[in-house]
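Enquirer: This structure is in structure tokens; I'll ask about it shortly.
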Amino acid sequence: MSVREGLLALLGDEPVHGYVLKTGFEAATGGVWPLNVGQVYKTLERLERDGLVHARERQGQRQYRITDDGLAALGAWWDAVPDDEPPPRDELMLKVLMAVGQGRDHALDVITKQRSAVMAQLQLRRRGPSTARRRGRDPMVAAMVDDALVVRAEADLRWLDLCEERLTHPDPSEETGRRPVTRPRRGTRGARS
Amino acid sequence: MTTPILELRDVVKSYGAGPTEVRAVTGVSLAVAPGEFVAVRGPSGCGKSTLLHMAGGLEDPTAGHVLFDGRALYEMSAAERAGLRRGGVGYVFQRLNLVPSLTAMENVMLPLELDGVGSREAKERAAEALDAVGLDRHLERYPDDFSGGQQQRIAIARAIVGTRRLLLADEPTGSLDTPTGDAVVELIASLPARLGTAVVLVTHEPRYAAWADRVVSMRDGCVVDTTVAPPVRKSARRTVGARR
Ligand SMILES: Nc1ncnc2c1ncn2[C@@H]1O[C@H](COP(=O)(O)OP(=O)(O)OP(=O)(O)O)[C@@H](O)[C@H]1O
Ligand SMILES: [Mg+2]
């Protein structure tokens, strides 16, 4: 989602002010995406240029509503599904994959350390109220944001468990197909990256 | 430091001998303070249940010592150990141990009655415990008439009603769906603050382990890592309460 799509989703037939869209956007996204007013107006300007919203002037203030083209663009966005390409590239995954190339013990060290850090984040999340909740957002939206963060941390932890399992109890059939790593170099941890 | 309610000193557990020997636990030391909540996680077969059995005195270690409130279990008489299992330590295990011929209410009352609590008070406290696990209505039904998840909750009610000092739980959420499991673990997590009960929870699920003050990770019979919950700012602390 971009700000553009978020704003289209909030617009309807009733003309609204840009400021209302800003607060509506932040509430709908559970406080995870603060916007500045400038960003909102710039995006609305582009949407207007592209014919997706219609603007009118009332008492020196601009009000916006969605057009038919805007509705079509919005519909296409709701219908779009994530595509597999390019493959996910996240920092944690790449770090562990690189560590495996440096040797089993180093990889297990990295896995243990990362797992402990993710677990600590999850523990903190269990104990303190969510930032979303603290800011007085819609409790259901805030709970959904919390769920997403918990489930993601769970996924990372499970993946780290699986990596550990593969390293400590390798499946013999996987062993043979493995290309030998050319001269593992172990950096002094922390000294270079 | 106060005396740990539970202390494992370099415990080892082997099954069998010679070439068929299985070293289920290969040397674990762990101290649990009164009112502390510790979670143990790790892959299947890494020795979690074996560790818990030794902690509860259900199995003796091949080597090392288990101490309850500073006293070595091996020094206790059979009667003392039985008393401990009834009064001091509550269990929820992977497989249930409800008595099929007793109602839910009677199952939960059982440890209290064995402890000499009057039937009126036992009934009251059993009803409270059942309410705390969200089963306040079907008190007169028999275990077979409950779903697996509900049976597990009765077992938890029985474990918390009978104990005030240490709860040992082995995958108590195994048969529950996520929201129900969350509610049960939140309930378990509230016990230290409400009753001063220390908890050792064995679970595969990181989401449940994360409720603990300390998460111990095991691999191949030993502890490979311990994560202590980072401090939460006082003002931000969530009050963990029983689900009502
Ligand atoms: N009574 C027994 N006799 C022989 N081996 C046993 C016995 N009890 C446990 N083991 C073995 O000890 C090891 C540890 O078992 P344990 O049940 O403690 O694992 P666990 O971590 O609880 O696994 P899970 O997550 O699957 O419950 C396993 O290899 C198991 O087969
Ligand atoms: Mg087990």
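The values are calculated or read from the model by the stated rules, or taken from the named source; none is laboratory data. None of these values were measured; they are calculated from a predicted model. Quick reminder, even Gly has a Cβ in these numbers, built from the backbone with ideal geometry, and neighbours come from all protein chains shown.
Enquirer: Given the structure, is residue A:158 within 23 Å of residue B:224 (Cβ to Cβ), more than 14 Å from chain B (Cβ to nearest Cβ) and either at pLDDT below 85 or part of a helix (DSSP H, G or I) (or both)? If you could, list the steps in order and put the result at the bottom.
Expert: Values: within 23 Å of residue B:224 (Cβ to Cβ): yes; more than 14 Å from chain B (Cβ to nearest Cβ): no; either at pLDDT below 85 or part of a helix (DSSP H, G or I) (or both): yes.
No: the conditions fail for residue A:158.
Enquirer: Another question about this same structure. List the strands (runs of 3 or more DSSP E) that sit entirely inside segment B:161-220 and contain at least 1 residues that are within 14 Å of another protein chain (Cβ to nearest Cβ). Walk me through how you get there before you give the answer.
Expert: Numbers: elements: B:166-170, B:198-202, B:214-219.
Those strands (runs of 3 or more DSSP E) span B:198-202, B:214-219.
Enquirer: Okay, next question. For segment B:1-28: of the residues being free of Cβ contacts under 8 Å to residues at least 40 places away in the same chain, of a type outside the set (Phe, Trp, Tyr) and in contact with a strand residue (DSSP E or B) (Cβ under 9 Å, 6 or more places away or on another chain), which is nearest to ligand 2 (Cβ to nearest atom)?
Expert: B:22
Enquirer: Going through segment A:45-85 one residue at a time, which ones are of a type in the set (A, V, I, L, M), in contact with a strand residue (DSSP E or B) (Cβ under 6 Å, 6 or more places away or on another chain) and part of a helix (DSSP H, G or I)?
Expert: A:47
Enquirer: Can residue B:203 be described as closer than 22 Å to residue A:156 by Cβ, buried (at least 24 other Cβ atoms within 10 Å of the Cβ) and not charged (D, E, K, R)?
Expert: Yes, satisfied.
Enquirer: Checking the structure you have, find out if any residue of segment A:38-49 is aliphatic (A, V, I, L, M) and either within 19 Å of residue A:145 (Cα to Cα) or in contact with a His (Cβ under 7 Å, 6 or more places away or on another chain) (or both).
Expert: no
Enquirer: Moving to a separate point now. Out of segment B:27-43, which residues are within 12 Å of ligand 1 (Cβ to nearest atom) and either within 14 Å of another protein chain (Cβ to nearest Cβ) or within 18 Å of residue B:173 (Cβ to Cβ) (or both)?
Expert: Residues of segment B:27-43 within 12 Å of ligand 1 (Cβ to nearest atom): B:28, B:40-43.
Residues satisfying the conditions are B:40, B:41, B:42, B:43.
Enquirer: Also, I was wondering about something else. Could you identify the single residue in B:113, B:36, B:59 that is more than 16 Å from ligand 2 (Cβ to nearest atom) and without any contact (Cβ under 8 Å) to a residue 60 or more places away in the chain?
Expert: Within the list B:113, B:36, B:59, the selection yields B:113.
Enquirer: Moving to a separate point now. Taking residue B:144, is it in contact with a Pro (Cβ under 8 Å, 6 or more places away or on another chain), of a type in the set (D, E, K, R) and more than 13 Å from residue B:111 (Cβ to Cβ)?
Expert: Considered against the rule, which asks whether it is in contact with a Pro (Cβ under 8 Å, 6 or more places away or on another chain), of a type in the set (D, E, K, R) and more than 13 Å from residue B:111 (Cβ to Cβ), residue B:144 comes out as yes.
Enquirer: One residue is enough: does segment B:65-81 have a residue meeting the conditions surrounded by 16 or more Cβ atoms within 10 Å (Cβ to Cβ), farther than 28 Å from residue B:225 by Cα and more than 16 Å from ligand 2 (Cβ to nearest atom)? Write out each step before concluding.
Expert: Restricting attention to segment B:65-81, the residues satisfying the condition of being surrounded by 16 or more Cβ atoms within 10 Å (Cβ to Cβ) are B:65-68, B:73, B:81.
Among the residues that remain, those that are also farther than 28 Å from residue B:225 by Cα are: B:81.
Now narrow it down to the ones that are more than 16 Å from ligand 2 (Cβ to nearest atom): B:81.
Yes, the conditions are met somewhere in segment B:65-81.
Residue-by-condition table, conditions (1) within 16 Å of ligand 1 (Cβ to nearest atom); (2) within 14 Å of chain A (Cβ to nearest Cβ); (3) within 18 Å of the chain's Cα centre (by Cα):
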site	(1), (2), (3)
B:15	yes, no, no
B:22	yes, no, no
B:45	yes, yes, no
B:53	yes, no, yes
B:65	no, no, no
B:69	no, no, yes
B:77	no, no, no
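Enquirer: Now, a different point. Look at residue A:110 and say whether it is in a helix (DSSP H, G or I) and either more than 13 Å from chain B (Cβ to nearest Cβ) or at pLDDT below 90 (or both).
Expert: Taking the combined requirement at face value, the residue does not satisfy it.
Enquirer: Considering only segment B:121-148, state which residues are assigned to a helix (DSSP H, G or I) and within 17 Å of residue B:100 (Cβ to Cβ). Walk me through how you get there before you give the answer.
Expert: Here is the first cut: in segment B:121-148, the ones assigned to a helix (DSSP H, G or I) are B:121-132, B:143-145, B:148.
Within segment B:121-148, B:143, B:144, B:145, B:148 meet the criteria.
Enquirer: For segment B:163-186, enumerate the residues that are closer than 21 Å to residue A:151 by Cβ and of a type in the set (A, V, I, L, M).
Expert: Passing the criteria: B:176, B:183, B:184, B:185.
Enquirer: Here is a further query. Name the single residue, out of those in segment B:79-122 being among the polar types (S, T, N, Q) and modelled with pLDDT of 80 or more, that is farthest from ligand 1 (Cβ to nearest atom).
Expert: B:119
Enquirer: Give just the number: which of (1) touching an Asp or Glu at 6+ places or on another chain (Cβ under 9 Å); (2) under 27 Å from residue B:123 (Cβ atoms); (3) buried (at least 22 other Cβ atoms within 10 Å of the Cβ) does residue B:158 not satisfy?
Expert: (1)
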